[in-house]
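Below is one structure, written out as structure tokens; the observations come after it.
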There are 2 protein chains.
Amino acid sequence: MTPDTMLPPPLLDALQALLGPRGLLTEHADIAPWLADWRGLYQGASPAILRPGSTEELAQAVRLCAAAGVPMVPMGGNTSMVGGATPDESGRQVIVSLARLNRIRALDPLDMTLVAEAGVVLKTAQDAAAEAGCLFPLSLGAEGTATIGGVLSTNAGGNTTVRYGNARELMLGLEVVLPDGGVIHGLRRLRKDNTGYALRHLFVGAEGTLGFITAAALRMYPRAREQEVAFCAVGSEDAALSLFRRFRDRDEGAVRAFEYMSGTGVDLAVRHIEGIAWPLGARADHCVLLDLASSRPQGGLRALAESVLEEALDAGEVLDAVIAESDAQRAALWRIRDEHPEAQKREGASVKNDVSVPVSRVPELIRRSSVALTALIPGSRPVPFGHMGDGNIHMNLEQPEAMDPAVFLARAHDIMDCVNAIVRDLEGSFSAEHGIGRLKTDMMEDWRGGAELGAMRAIKSALDPLGLMNPGKVLPGPAS
Amino acid sequence: MTPDTMLPPPLLDALQALLGPRGLLTEHADIAPWLADWRGLYQGASPAILRPGSTEELAQAVRLCAAAGVPMVPMGGNTSMVGGATPDESGRQVIVSLARLNRIRALDPLDMTLVAEAGVVLKTAQDAAAEAGCLFPLSLGAEGTATIGGVLSTNAGGNTTVRYGNARELMLGLEVVLPDGGVIHGLRRLRKDNTGYALRHLFVGAEGTLGFITAAALRMYPRAREQEVAFCAVGSEDAALSLFRRFRDRDEGAVRAFEYMSGTGVDLAVRHIEGIAWPLGARADHCVLLDLASSRPQGGLRALAESVLEEALDAGEVLDAVIAESDAQRAALWRIRDEHPEAQKREGASVKNDVSVPVSRVPELIRRSSVALTALIPGSRPVPFGHMGDGNIHMNLEQPEAMDPAVFLARAHDIMDCVNAIVRDLEGSFSAEHGIGRLKTDMMEDWRGGAELGAMRAIKSALDPLGLMNPGKVLPGPAS
């Protein structure tokens, strides 16, 4: 360990006294697993991991670090797609893990609220809600590892945004430790509470740059009593959108997920993932995974699904469709979609583009991006998939079969620029649900420059004047 | 006009040149109607009303005012319940009316989005959505006067929050003029957009103290194809809550409004409002107005309403109920609820308490407050009514029949304190949907003091360092 990666001795002593051996790790072997992001984009250095056991312990630790001028990097499940929880290479930044703040403090099925600490794993929160006969609807690939603090700090989205919104829309109140160690006790479980600035909404999506979310009051919903999942081959991107509109207009509240997949993406899943096969008689270029749910017993979802699909078949939009007949079949259909990232990984190098556009423009996004990307890198394979119902498509690009992965990945910025130019033209966003982290800070000036970035910087300076909270994330450095 | 209420001549000249005679009113007769809030709580003074015709004109006017150090009070429909849009008595503050920014810039039924300028009246936005076959669901008493800028600046709630959320939850993006005249061009129509701090959520509910909302991208929903409205006599506050739970658990998406009324409140409506009568065979102490809606054709709402009401009748919770058979009947039932404020006004003086608690605690709020208030002022009449489904009850108190209104109103603070002590005990909010304005700033220190108020003040200083935006609203002055 170099001197660069040691804590100042007085701070080390104070933190040891405060946190004890369970709450402070300074051995390199303990720290090493947490120095890289899971995608392997970054490799940082850090002198210590702080693991406070309570909000008050965290607040005291923050005061000590702030007094010593030591930067802090909050970490939940470390599943960021954009390097949001990885310390930089300086070795000066301590990692602050919220893992020990893992209690569900309250769960009330009458109020339909859940109060969970930051370190509670998303899946654990889902299970706790289900046990009480309720639904905590946030659902995403990393749910077995990602934590409540992380999904709120990044305003995670996932599959069910079309019906239930992002993490933000499931949040009623927050407990937060500020960069100076002050504590906001805002765990209010109210649907209406207009009492000054909506601070809670500022911390959601701030990726830990304004303070630590330590606990959250969350909304639950009644559990679904009916569910129908269908896999559909559709004639085009436009046909997929038209099918979405048919279902939404017929019963807006029933559409829990509406996922688009290209034939290329399904092919990769079939090729690389055991047990996955094309679910319809024939391969198709464009597919949709539809998930309907209702809390109403005998809600008639099956009849709804059949009648809308028949209309769409008659209109030539849907070419073929299968409705799952059991939980096992439902899980199998979902698996085709869920395994898309893994299948792409196994096929070779790929570049991810987490972008969004107004829903009406999704077909144009897919078509124009696919043409532009294959022109940019001949032989490359666009694999667009994702949340058509909320406008968020993962406009990913798989390398050409014969190309050296490193050569392909060297073009990553060109690929992102190519997609983002189209996204901008369609009035979309270069960062739909993964956030900015470290990966995309250099795009903020261009996309959110002027008054907007100025206001963000002013807020950052106001709440974190020493710049100690997750430095280098979200906001770009001063323009050079 | 005293010298106190004149603009500095150089500023006057510059504003006249910029805004023209339509855009700048300095005659006392033109200004006078806008110097008081509609409840008559405050009477301010002002040297001028600015009425810019475009966002760019507003931005330039703001730059001129900022350079001259002149405070600005944004005004929409001037329907604030808390004096939020009224200038103070100094005569230094100019009123900035957004009334001429009244265009609907875009409406897209496929994206289900609506882009409206700040001065668009809420009812106009609702009508525009309806004409396009969609629903803009925000609904409240002042909808014929209140504007989009106002309902967003105050995060208005109203009747449909239980299903569609507050104004905040219907907002996708904002255009904002900052206190220094900078413009945030954030009219994004995206469900997913994680690109730095959620500035838009900071302006919603800031009551014009951080800048001017000039336009908003809003969410629409598919129009309702079925609606059922029922008026129910229930056995108690608990029975009312139990009925809510029955409906919510059976079909959460269908409950568009669930309003509680006391027998006292309905009595007053019957006494004072022409054409209103008790809709059931007998008077009742506790009543519920239920509004179910669904976008699904043949959604079975009638059967749902009947079966749940029958269960609740069998359980002894519901004593009697009537389901409306026509639009006219639906409107008539809603009118009983909507005329509550007017009926209270005609009966005499009353004190409003716009409070919220977790939904499960609404019965306790009503019971405890009613007992405490009648003990505080013998003969006074509690008139609790409002949005039981979202926990927001207007815990209003009507004066004793024989008391001098002025004597009663002199007790207003005691009355509010009495209710708020109970609200605090129940983990609720002293300001559910009306906001803080000028009326409640002196409660902020007590309810949101410490780190929370400190963070609000830091944000205010960061975005409005000269303190020129709607001074004296939301945040209390420095502790004396």
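Quick note: the coordinates plus some simple rules give every number you see, no bench work behind them. Keep in mind that this is a model prediction, so the values were computed, not measured. Counting neighbours? That spans all protein chains shown, and the Cβs are built from the backbone with ideal geometry, glycine included.
Sorting check: for B:326-332, B:184-190, which peptide has the highest mean count of neighbouring beta carbons within 10 Å, and how do the rest follow? Walk me through the intermediate numbers first.
Working: B:326-332: 12.6, B:184-190: 21.1.
Highest-to-lowest ranking by the protection proxy: B:184-190, B:326-332.
If amide H atoms are built 1.01 Å from N in the plane of the peptide, which residues on other chains or at least 5 residues away come under 5 Å of the amide H of B:L24?
Excluding prolines and chain starts, which carry no amide H, the hits are B:R51.
In a shell of Cβ-Cβ distance under 11 Å around A:V357, excluding A:V357 itself, what net charge do Lys and Arg (+1) and Asp and Glu (-1) give? Write out the running numbers ahead of the final one.
Details: positive: A:R361, A:R368, A:R424, B:R188, B:R189, B:R191, B:K192; negative: A:E364, A:D390, A:D425, A:E427, B:D111, B:D193.
Once all neighbours under 11 Å are counted, the net charge is +1.
Taking a label point 7 Å from Cα toward Cβ, how far is B:R457 from its twins in the other copies, in nm, shortest first?
Shortest to longest, the spacings are 2.6 nm.
Between the range B:332-372 and the range A:326-344, what is the separation of their alpha carbon centroids in Å?
The range B:332-372 and the range A:326-344 have Cα centres separated by 51 Å.
Output needed: percent of Cα pairs per 10 Å distance bin for chain B, bins running from 0 to the one holding the longest distance.
4, 19, 28, 26, 16, 6, 1, 0
So how far apart, in nm, are the two label points at A:S236 and B:A132 if each is 7 Å from Cα heading toward Cβ?
2.3
Report the net charge of residues surrounding B:A215, where surrounding means a beta-carbon distance below 11 angstrom and charges are Lys +1, Arg +1, Asp -1, Glu -1. Show your work: numbers first, answer last.
Details: positive: B:R103, B:R105; negative: B:E117, B:E175.
Its environment carries a net charge of 0.
Set Lys and Arg Cβ to +1 and Asp and Glu Cβ to -1, take the dipole of chain B about its Cα centre, and tell me which of B:L101, B:I366, B:P74 lies farthest positive.
After comparing all options, I get B:L101.
Could you work out the helix-only [θ] at 222 nm for chain A, with each DSSP H run of four or more residues adding -39,500 (n - 2.57) and the total divided by the number of residues, to the nearest 500 deg cm²/dmol?
Numbers: 17 runs with 168 residues, N = 480.
Result for chain A, helices only: -10000 deg cm²/dmol.
When you take every Cα atom in the protein assembly as shown, what is the radius of gyration, and what is Dmax, the widest Cα pair distance, in Å?
Looking at the protein assembly as shown, its Cα Rg and Dmax stand at 28.3, 92 Å.
Quick one: dipole size for the protein assembly as shown, taken about the Cα centre, charges +1 on Lys/Arg Cβ and -1 on Asp/Glu Cβ, in debye to the nearest 20. Mind showing how you got there, number by number?
Details: 92 positive and 120 negative charges, 179 e Å.
With only Lys, Arg, Asp and Glu charged at Cβ, the dipole is about 860 debye.
Could you tell me what a quarter of the Cα convex hull surface of the range B:269-349 works out to, in nm² with one decimal place? Each step should come with its number before you reach the end.
Numbers: hull surface 26.2 nm².
It is 6.5 nm².
Taking the Cα centre of the range B:348-425 as the origin and placing charges on Cβ (Lys, Arg +1; Asp, Glu -1), which of B:S350, B:A412, B:H387 is farthest toward the positive end of the dipole?
So the residue we want is B:H387.
Which value, in debye to the nearest 20, describes the size of the charge dipole of the range B:104-222 about its Cα centre when Lys and Arg Cβ atoms bear +1, Asp and Glu Cβ atoms bear -1, and nothing else is charged?
The calculation lands at about 320 debye.
How large is the charge dipole for chain B, taken about the Cα centre, if only the Cβ atoms of Lys, Arg (+1) and Asp, Glu (-1) carry charge, to the nearest 20 debye?
Values: 46 positive and 60 negative charges, 219 e Å.
I would put it at about 1040 debye.
Taking all pairs of different Cα atoms in the range B:338-421, averaging 1/r and flipping that mean, what Kirkwood radius in angstroms comes out?
Working: mean 1/r = 0.0780 Å⁻¹.
Hydrodynamic radius (Kirkwood, Cα only) of the range B:338-421 equals 12.8 Å.
List the lysines whose Cα lies under 30 Å from the Cα of A:K352, skipping any in the same chain that are fewer than 8 positions away.
Result set, ordered by chain and number: A:K123, A:K440, A:K460, A:K473, B:K192.
Placing the label point 7 Å from Cα along the Cα-to-Cβ direction, what are the distances from B:L110 to the equivalent spots in the other copies, shortest first, in nm to one decimal?
So the label point of B:L110 gives 4.8 nm to the other copies.
With contacts defined as alpha carbon pairs under 8 Å and 6 or more residues apart, what's the relative contact order of the range B:69-205 in percent?
Numbers: 215 pairs, mean separation 23.6, N = 137.
Contact order relative to length: 17 percent.
Label-to-label distances across copies for A:R335, with labels 7 Å out along Cα→Cβ, in nm, shortest first?
The projected label point of A:R335 is separated from its counterparts by 6.1 nm.
Taking only C-alpha pairs under 8 Å that are 6+ residues apart, what is the relative contact order of chain A in percent? Please list the in-between numbers first.
On the way: 1019 pairs, mean separation 70.2, N = 480.
For chain A, the relative contact order is 15 percent.
How high is the relative contact order of the range B:3-97, in percent, with contacts defined as C-alpha pairs under 8 Å that are six or more residues apart? Before the final figure, lay out each step's value.
Numbers: 167 pairs, mean separation 35.0, N = 95.
With pairs under 8 Å counted, the relative contact order is 37 percent.
Identify, among B:Q43, B:L174, B:P465, the residue whose Cα sits farthest towards the positive end of the charge dipole of the protein assembly as shown, taking +1 on the Cβ of Lys and Arg and -1 on the Cβ of Asp and Glu, with the dipole about the Cα centre.
The one lying farthest along the dipole's positive direction is B:P465.
Can you tally the net charge around B:A284? Count Lys and Arg as +1, Asp and Glu as -1, for every other residue whose Cβ sits under 13 Å from the Cβ of B:A284.
Summing Lys and Arg as +1 and Asp and Glu as -1 gives -4.
On the principal axes of its Cα set, how long, how wide and how thick is the range A:104-222? Give whole Å, largest value first.
On the principal axes, the range A:104-222 reaches 38, 29, 26 Å in Cα extent.
Kirkwood Rh, the range B:37-117, all Cα pairs: how many Å? Can you show the working numbers first?
On the way: mean 1/r = 0.0704 Å⁻¹.
Mean inverse Cα-Cα distance, inverted, gives 14.2 Å.
Over the range B:181-313, one equal point on each Cα, no solvent: what is log10 I(q)/I(0) by the Debye formula at q = 0.20 Å⁻¹?
After summing over all Cα pairs, the log10 values are -1.07.
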